[in-house]
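Just below is one structure, and these are the notes that go with it.
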Amino acid sequence: MRTLFDRARLGTLSLKNRCIRAATWERMARAGGHLSPALMRMYAELAEGGVSLIETGYASIFPWEQPNPGMMGMHDDRLVEEYAVLSGVVHDGGSRLAMQLAYGGSQTRYLPSSRLIWGPSAVRHPASGVVPTPMSIRDIGDLAEGFAAAAARSKDAGCDGVMIHAAHGYLLGQFLSPLFNRRTDDYGGPLPNRARIILDVYGAVREAVGRSYPVLIKINCSDFVDGGATFADSMYVCRELDKQGIDAVEVSGGGLPPGAGQSYYRDYGACLSCLLSAPVILVGGNRDPVELQRILEDTKLSFFSFSRPLLREPGLIARWERGDRSPAACTSCGECFHDEGNYCPYR
Ligand SMILES: Cc1cc2nc3c(=O)[nH]c(=O)nc-3n(C[C@H](O)[C@H](O)[C@H](O)COP(=O)(O)O)c2cc1C
């Protein structure tokens, strides 16, 4: 019988358990994506807290692009040395590190008028009001190269893998969504065209890091918006990535659906886990280890990831491992976002 604390394979990695820290923008990096002492302390604490793998908060792939303040960065060779210190800290704590790489795009309120913001088409973002610059075919190639170069730097910095962020309404997810993607070229219209940029980015990243380096993707199972990307779209992308050797797929959806309860994308994740040979990571509302054990028994899902519960209790997984299996203290209140850094006010 599979359990939460089994050793489990993720590509060439053998992880010490099935519990992962989900990518969480900490808002603690210094300008230019430089690391801060607070960030280092947070990663040391997470690594010692029992998770087998830590996904970083999303990191910029270009110096001119970042959707939020205080983000990490993998956009410059000069960052490699300091991120090598971070991966050392995580390894010393007994965990592994995967850099999450992202291009934000029009879903941003951070300095939107002073920088170039790419999008699939010039469609105004309903929340931010930003109208992005439609990408040329050449820009799409540059984007894939930007992801690839950032992945190569992550590998040089001693990270154990990279995760491509294609979820939560950022640029890669926008290409998949007919609401944002009005293109009539090879990157718009039918599903294989809307999905093409994600496969291009994966291909370029894989080429840069080699066959045996873990490459993960985070993707929405659905946008849960009329006219947006659907579960059928997501299944197609995941199957194509699976054929091309992706090492794991993390299934998310919208950002933080209010009142969503325990493991709220479970049915989508379970379905994907049957379709793919790559392991599937379930994120969102994972709180009760008894329920998580049941999911392991009833589905083919391989891993669970946790964001808000670890802001509240960085040592949650070690606590469960020691035998205290009461659910995470996190109440999913969503009060984690603060100007001075993202943290749990109830910790
Ligand atoms: C403060 C905060 C920052 C987040 N930053 C990221 C991020 O950088 N990348 C990402 O893919 N998801 C991010 N998320 C979403 C989480 O990874 C996760 O998908 C979501 O919080 C649901 O999981 P949970 O119920 O365990 O919190 C963030 C969530 C929170 C609360």
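Restricting attention to the stretch 26-39, does a residue exist that is of a type in the set (A, V, I, L, M), out of contact with any Pro (no Cβ under 6 Å at 6 or more places or on another chain) and surrounded by fewer than 18 Cβ atoms within 10 Å (Cβ to Cβ)? Scanning the stretch 26-39 turns up at least one residue that is of a type in the set (A, V, I, L, M), out of contact with any Pro (no Cβ under 6 Å at 6 or more places or on another chain) and surrounded by fewer than 18 Cβ atoms within 10 Å (Cβ to Cβ). Condition (residue is exposed (fewer than 14 other Cβ atoms within 10 Å of the Cβ), modelled with pLDDT of 95 or more and within 30 Å of G315 (Cβ to Cβ)) applied to the stretch 102-117: is it met by at least one residue? The answer is no, given that none of the residues of the stretch 102-117 is exposed (fewer than 14 other Cβ atoms within 10 Å of the Cβ), modelled with pLDDT of 95 or more and within 30 Å of G315 (Cβ to Cβ). Taking the stretch 195-218 as the range and being in contact (Cβ under 8 Å) with a residue 40 or more places away in the chain, more than 16 Å from the ligand (Cβ to nearest atom) and within 12 Å of Y236 (Cα to Cα) as the test, the residues that pass are A195, L199. Entry remark, the stretch 8-30: residues being within 16 Å of the ligand (Cβ to nearest atom) and on the phi > 0 side of the Ramachandran plot number 1 in total. Given the structure, is S252 farther than 28 Å from K155 by Cα, surrounded by 21 or more Cβ atoms within 10 Å (Cβ to Cβ), within 14 Å of the ligand (Cβ to nearest atom) and under 19 Å from the mean Cα position of the chain (by Cα)? It is false that S252 is farther than 28 Å from K155 by Cα, surrounded by 21 or more Cβ atoms within 10 Å (Cβ to Cβ), within 14 Å of the ligand (Cβ to nearest atom) and under 19 Å from the mean Cα position of the chain (by Cα). Determine whether the stretch 118-138 contains at least one residue that is more than 16 Å from the ligand (Cβ to nearest atom), under 18 Å from the mean Cα position of the chain (by Cα) and aliphatic (A, V, I, L, M). No, because not a single residue in the stretch 118-138 is more than 16 Å from the ligand (Cβ to nearest atom), under 18 Å from the mean Cα position of the chain (by Cα) and aliphatic (A, V, I, L, M).
Screening the stretch 287-297 for residues that are free of Cβ contacts under 8 Å to residues at least 60 places away in the same chain and over 27 Å from E240 (Cβ atoms) and picking the one that is surrounded by the most Cβ atoms within 10 Å (Cβ to Cβ) gives R287. Against the definition (more than 21 Å from D267 (Cβ to Cβ), within 16 Å of the ligand (Cβ to nearest atom) and at pLDDT 95 or above), how does L310 come out, yes or no? When the stated conditions are applied, L310 passes them. All conditions but one from (1) within 22 Å of P314 (Cα to Cα); (2) of a type in the set (A, V, I, L, M); (3) crowded, with 20+ Cβ neighbours inside 10 Å apply to I246; the one that does not is (1).
Yes or no, residue by residue, for (1) assigned to a loop (DSSP other than H, G, I, E, B); (2) within 16 Å of the ligand (Cβ to nearest atom):
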{"position": "D6", "(1), (2)": "yes, no"}
{"position": "G32", "(1), (2)": "no, no"}
{"position": "A38", "(1), (2)": "no, yes"}
{"position": "E45", "(1), (2)": "no, yes"}
{"position": "Q66", "(1), (2)": "yes, yes"}
{"position": "G70", "(1), (2)": "yes, yes"}
{"position": "Q107", "(1), (2)": "yes, yes"}
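The values are calculated or read from the model by the stated rules, or taken from the named source; none is laboratory data. As the structure is a prediction and not an experimental result, all values here were calculated from the model. Because the Cβ atoms are built from the backbone with ideal geometry, glycine has one as well, and the counts that use them run over all protein chains shown.
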